[in-house]
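K.L.:
Provided herewith is a single structure, encoded as structure tokens, for subsequent inquiry.
The values are calculated or read from the model by the stated rules, or taken from the named source; none is laboratory data. These numbers were taken from a predicted model, which means no experiment stands behind them. For neighbour counting, all protein chains shown are included, and Cβ atoms are generated from backbone atoms with ideal geometry for every residue, glycine included. Ligands, DNA and RNA are stripped out before the accessible areas are found, and what is left, the full protein with its side chains, is counted by its heavy atoms. Shrake-Rupley method; radii C 1.70, N 1.55, O 1.52, S 1.80 Å.
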Amino acid sequence: MSQREINLSINGKTYAAAVEPRLSLLDFLRDHAGLTGTHVGCEHGVCGACSILFDGVPIRSCLMLAVQADGHAITTVEGLCNEDGAPGPLQDAFQEAHGLQCGYCTPGMLISAQALLAGNSDPSIAEIKDAIGGNLCRCTGYVQIIEAIQLAASRLREAGQ
Amino acid sequence: MKAAKFDYVLAESIEQAVAALAAGNGDAIIIAGGQSLMPMLAMRLATPATVVDINNIAQLSGIEAIGGEVVIKACTRQATALASPLVQMRLPLLAKAISHVGHQQTRNRGTVGGSLSHADPASEIPLAALAMDARVSLRSVAGTREVALADFFLGPMMTARADNEILLKVHFPEEPDGPDGSRMGTAFHEVSERHGDFAVVAAAAQIQLDANGRCIKAALALGGVNGVPRRIPALEARLRGTRIDPDAVRAVLPEIADAITPGDDQHASAAYRRRVAGVLAERALLEAVAEAAP
Ligand code: FES
Ligand code: FES
């Protein structure tokens, strides 16, 4: 099958590539763009480990074809870092509040939390649970993830004042 | 797993899309939001020769009120429909149903038309649309036709849409509160393993009461209890013209038993589904009546 040219922006940087139509966006990000922060969990839309921001909204990158990202802007977990590459506010909060153990679900959790906090600086626990409802974690029991998101939200509120 | 190879057609117009489907000769498949198709491709349950992408067709997304109905174009994202004031104000049952569909990541891609075309017997949008007497427009190279949802669902993941047809839009009749004081109430309830999962059983109710509180119109649809979402006409007929109270609802619930044929699977037994169907139907009917009460 013929390859198709795609051009897209990932974390503010432009990428051009020729890809097979059947390539998932998830595999493109990891294997072609070299951004392995986004994790492959189930590959069929159940676990949320592959979540990314697509034109600013969270989606599952295993449920899109790479060719469908042509002309669009993507943020992966790498894009949540500060400019110097140090962990960003959410990532810091996850580390401090023990919001991860094995780390498998973490990129997806961070993306979901980022999308939530972008539109809601003081989310309730119910809103946090709803935001991460599409992300499975097999280690933490979720409580510390929720606490980490609350910690990040409170710091972002303080910084904004 | 990875998808098998396929040809990819990025359609820029409805004409291009139907031409690609016709050329595919039954072996071309449409990708809209991809939330059901991508897993099927990854698991190789679907191995089409051609995938026709309709995401770039501007005429396929948008929501508008035209001549007494609200029209949702097929590729409108579920998240867009959920956030739409038009849907919230005029199609409250659909808004309630979509709030149970998936998660933010899937609603941001998943489409209203895709959910109807995929026709999972436990999915929420088909159930609400059936209770609302919606119709779909289908288009092929031969032309356009309309099908009532009552005739659209043929079995699990099977619909009246032919392989060479594309679902263009969904027409929802508006049921506004009448100047005569009639009012509409709606409710959607489901049992699922986790919020956002497919329903084990779901119930959608839409009830219209006149100014004196008598039922003018009643719709009850149940999902997860048959291969297709099912209305319960015998129950609806017995509610029409009556004043609906808890005793009246309990009296008509036995009509459900004959209308459903639930099966056993890993999620629930047939007996459990029967029991829950009655409980959810009662809850949805009473809540819809309370909302409509003058
Ligand atoms: S890898 Fe995409 S949802 Fe699991
Ligand atoms: S930290 Fe291990 S899956 Fe969440």
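K.L.:
When only residues in the stretch A:6-25 that are within 12 Å of another protein chain (Cβ to nearest Cβ) and not small (Gly, Ala, Ser) count, which is nearest to the chain's Cα centre (by Cα)?
P.N.:
Once the filter is applied, the top-ranked residue is A:LEU25.
K.L.:
In addition: Inside the stretch A:44-61, can you point out the residues that are open to solvent by 10 Å² or more (accessible area, probe 1.4 Å) and within 16 Å of ligand 2 (Cβ to nearest atom)?
P.N.:
Of everything in the stretch A:44-61, those that are open to solvent by 10 Å² or more (accessible area, probe 1.4 Å) and within 16 Å of ligand 2 (Cβ to nearest atom) turn out to be A:VAL46, A:CYS47.
K.L.:
Next question. So in the stretch A:26-54, with the set limited to residues that are more than 10 Å from ligand 1 (Cβ to nearest atom) and touching a residue at least 60 places away in the same chain (Cβ under 8 Å), which one is farthest from the chain's Cα centre (by Cα)?
P.N.:
Among residues in the stretch A:26-54 that are more than 10 Å from ligand 1 (Cβ to nearest atom) and touching a residue at least 60 places away in the same chain (Cβ under 8 Å), the one farthest from the chain's Cα centre (by Cα) is A:GLY37.
K.L.:
When both residues are 6+ apart or on different chains and their Cβ atoms are under 9 Å apart, which pairs have a first residue that lies in the stretch A:130-144 and is under 26 Å from B:ILE98 (Cβ atoms), and a second that is more than 14 Å from ligand 2 (Cβ to nearest atom) and open to solvent by 70 Å² or more (accessible area, probe 1.4 Å)?
P.N.:
Listed pairs, sorted by first residue: A:ASP130/B:HIS195; A:GLY133/B:ARG194; A:GLY133/B:HIS195; A:TYR142/A:LYS129.
K.L.:
Same structure, new question: Considering only the stretch B:48-83, state which residues are open to solvent by less than 20 Å² (accessible area, probe 1.4 Å) and among the hydroxyl-bearing types (Ser, Thr, Tyr).
P.N.:
Passing the criteria: only B:THR76.
K.L.:
Next question. Quick check: anything in the stretch B:99-118 more than 23 Å from B:ALA17 (Cα to Cα) and away from chain A (no Cβ under 12 Å)?
P.N.:
No - not one qualifying residue is present in the stretch B:99-118.
K.L.:
While we're on this one: Which of (1) under 13 Å from B:ALA288 (Cβ atoms); (2) under 22 Å from the mean Cα position of the chain (by Cα) does B:VAL249 not meet, given it meets every other one?
P.N.:
Only one criterion in (1) under 13 Å from B:ALA288 (Cβ atoms); (2) under 22 Å from the mean Cα position of the chain (by Cα) is unmet by B:VAL249, namely (2).
K.L.:
Something else about it: Those residues that are in contact (Cβ under 8 Å) with a residue 60 or more places away in the chain and more than 14 Å from ligand 1 (Cβ to nearest atom), I need them from the stretch A:67-77; list them, please.
P.N.:
Residues satisfying the conditions are A:VAL67, A:ALA69, A:ASP70, A:GLY71, A:HIS72, A:ALA73, A:ILE74, A:THR75.
K.L.:
Filter the stretch A:128-146 for residues that are surrounded by fewer than 19 Cβ atoms within 10 Å (Cβ to Cβ), outside any loop (DSSP other than H, G, I, E, B) and more than 14 Å from ligand 2 (Cβ to nearest atom) and give the result.
P.N.:
A:LYS129, A:ASP130
K.L.:
Kindly check whether there is at least one residue in the stretch A:105-122 that is assigned to a loop (DSSP other than H, G, I, E, B), modelled with pLDDT of 95 or more, farther than 19 Å from A:GLY12 by Cβ and within 16 Å of ligand 2 (Cβ to nearest atom).
P.N.:
Yes, some residue in the stretch A:105-122 is assigned to a loop (DSSP other than H, G, I, E, B), modelled with pLDDT of 95 or more, farther than 19 Å from A:GLY12 by Cβ and within 16 Å of ligand 2 (Cβ to nearest atom).
K.L.:
With (1) open to solvent by less than 40 Å² (accessible area, probe 1.4 Å); (2) closer than 18 Å to B:MET132 by Cβ; (3) modelled with pLDDT of 90 or more as the list, and B:GLY213 as the residue in question, which single condition is left unmet?
P.N.:
Failed condition: (2).
K.L.:
Going by what's in this entry, would A:CYS81 be described as within 13 Å of ligand 2 (Cβ to nearest atom), more than 14 Å from B:GLN104 (Cα to Cα) and among the hydrophobic types (A, V, I, L, M, F, W, C)?
P.N.:
no
K.L.:
I'm told B:ASN25 meets every condition in (1) exposed (fewer than 15 other Cβ atoms within 10 Å of the Cβ); (2) at the interface with chain A (Cβ under 10 Å from one of its Cβ atoms) except one. Can you identify the failing condition by its number?
P.N.:
(2)
K.L.:
If you check B:LEU45, B:LEU86, which single one turns out to be surrounded by fewer than 22 Cβ atoms within 10 Å (Cβ to Cβ) and either modelled with pLDDT under 95 or part of a loop (DSSP other than H, G, I, E, B) (or both)?
P.N.:
Within the list B:LEU45, B:LEU86, the selection yields B:LEU45.
K.L.:
I'm trying to understand the selection: among the residues of the stretch B:237-262, which are over 25 Å from B:ALA211 (Cβ atoms) and open to solvent by 40 Å² or more (accessible area, probe 1.4 Å)?
P.N.:
Residues satisfying the conditions are B:ARG250, B:PRO254, B:GLU255, B:ALA257, B:ASP258, B:THR261.
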